[in-house]
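Worksheet: the structure to be examined is printed underneath.
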């Protein structure tokens, strides 16, 4: 059984502006950098065997703050990137609807097999996440690994562990710079604590939903 600690990147400028980030990028805010430093302090006091990161800058910078505290080398994997939202990346929801109301309607319908032009469908994205996380789990069997990634990668792991349908609304929030605990063994998933942000304190927590990933 491998323990996976999935970590959402720190707060970004586009998070605060409620823009769809996807595989474009936005810099960490001052609060986001502070959150990343608190992550480093938290993980320094824990045992982890390896540190992985999405190669997108907002995740990579968060991982760098952890690496500086723990001494781990960062292992980049582009498969840990956020879902690609195609033509909607960089837009607010209002801008998405104005850009193309029909594409926006289909996007909001939560059809697992619909991909915004240039982007990924929920089903395709889920499969990408499942494959890479189970591969890393097998590579580190019996160990504990930290993975700095993005909101909907956390969502995919949650759905794998709880068997929540892709069409269903997730009942838990996405918390910046949080620890989200999973165990995986030969494709069998279980979920532990979700949205663990004790290292941030009550005033340091930021939560942004699916529209700003």
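The values are calculated or read from the model by the stated rules, or taken from the named source; none is laboratory data. Computed from a predicted structure; not experimentally measured. Don't worry about glycine lacking a Cβ; one is built from the backbone with ideal geometry, like all the others, and counts go over all protein chains shown.
In the set (1) over 29 Å from residue 191 (Cα atoms); (2) in contact with a helix residue (DSSP H, G or I) (Cβ under 9 Å, 6 or more places away or on another chain), the condition left unmet by residue 102 is number (2). Under the condition of being out of contact with any strand residue (DSSP E or B) (no Cβ under 9 Å at 6 or more places or on another chain) and free of Cβ contacts under 8 Å to residues at least 60 places away in the same chain, which residue from the range 17-38 is farthest from residue 142 (Cα to Cα)? Once the filter is applied, the top-ranked residue is 30.
When we screen 153, 116 for residues that are more than 20 Å from residue 42 (Cα to Cα), part of a helix (DSSP H, G or I) and touching a helix residue (DSSP H, G or I) at 6+ places or on another chain (Cβ under 6 Å), the only hit is 153.
Within the range 177-213, restricting attention to residues that are part of a loop (DSSP other than H, G, I, E, B) and within 23 Å of residue 24 (Cα to Cα), which residue is modelled with the lowest pLDDT? Steps first, please.
As a first pass, look at the range 177-213 and keep what is part of a loop (DSSP other than H, G, I, E, B): 177-178, 186-187, 192-195, 197, 201, 205-206, 208-209, 213.
Filter again for within 23 Å of residue 24 (Cα to Cα), leaving 177-178, 206, 208-209, 213.
Numbers: 177: 98, 178: 98, 206: 94, 208: 81, 209: 67, 213: 57.
It comes out as 213.
Taking the criterion of being over 15 Å from the mean Cα position of the chain (by Cα), over 24 Å from residue 61 (Cβ atoms) and buried (at least 16 other Cβ atoms within 10 Å of the Cβ), the residues of the range 129-142 that qualify are 134, 137.
Taking (1) without any contact (Cβ under 8 Å) to a residue 12 or more places away in the chain; (2) at positive phi in turn, residue 187 satisfies each apart from (1).
Based on what the data block shows, is residue 160 under 25 Å from residue 21 (Cβ atoms), modelled with pLDDT of 95 or more and part of a helix (DSSP H, G or I)? So residue 160 passes the test. On the stretch given as the range 174-196, residues that are over 20 Å from residue 13 (Cβ atoms) and surrounded by 13 or more Cβ atoms within 10 Å (Cβ to Cβ) total 14. For the range 71-81, indicate whether the set of residues that are in contact (Cβ under 8 Å) with a residue 40 or more places away in the chain and under 13 Å from residue 11 (Cα atoms) is non-empty. Scanning the range 71-81 turns up no residue that is in contact (Cβ under 8 Å) with a residue 40 or more places away in the chain and under 13 Å from residue 11 (Cα atoms).
Restricting attention to the range 39-59 and to residues that are in contact (Cβ under 8 Å) with a residue 40 or more places away in the chain and assigned to a helix (DSSP H, G or I), the residue that is surrounded by the fewest Cβ atoms within 10 Å (Cβ to Cβ) turns out to be 41.
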